[in-house]
Amino acid sequence: MITIPEYQIFAKIYEGSNSIVYRGKQEKDHLPVVLKFNKGNYRSEAENNRYRKEYEIISSLSLSGVIKAYELEK
């Protein structure tokens, strides 16, 4: 399992050709989180825009059963 500062990782929940997703929690406030990462070391501008748009869509939703997006980090 990977180590990410400020997060405790519990499980890998998805791995695709371009991204990997983990379930965990923030250590500072113990909130459950889902962390999504690009698998490569370098993202193209198109990939950055896709991640940004995905974040904007998810953070604008306020529906039961839909995860809440806390922040977008590089």
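Over its Cα atoms, what ratio of radius of gyration to 2.2 N^0.38 Å does region 7-60 give?
Against the compact-globule rule of thumb, the ratio is 1.24.
Between Val21 and Leu63, 0.36 nm times their residue separation minus their Cα-Cα distance comes to what? Kindly include the intermediate steps, with their values, before the conclusion.
Working: separation 42, 0.36 × 42 = 15.12 nm, distance 2.12 nm.
Fully extending the segment from Val21 to Leu63 adds 13.0 nm.
Based on DSSP H runs of at least 4 residues, each adding -39500 (n - 2.57), what is the mean residue ellipticity at 222 nm of the chain after dividing by all its residues, to the nearest 500 deg cm²/dmol? Walk me through the intermediate numbers first.
Details: 1 runs with 16 residues, N = 74.
Rounded to the nearest 500, the figure is -7000 deg cm²/dmol.
FYI, it's all coordinate maths here, none of it is from the lab. Just so we're clear, the structure is a prediction, and the values are computed from it rather than from any experiment.
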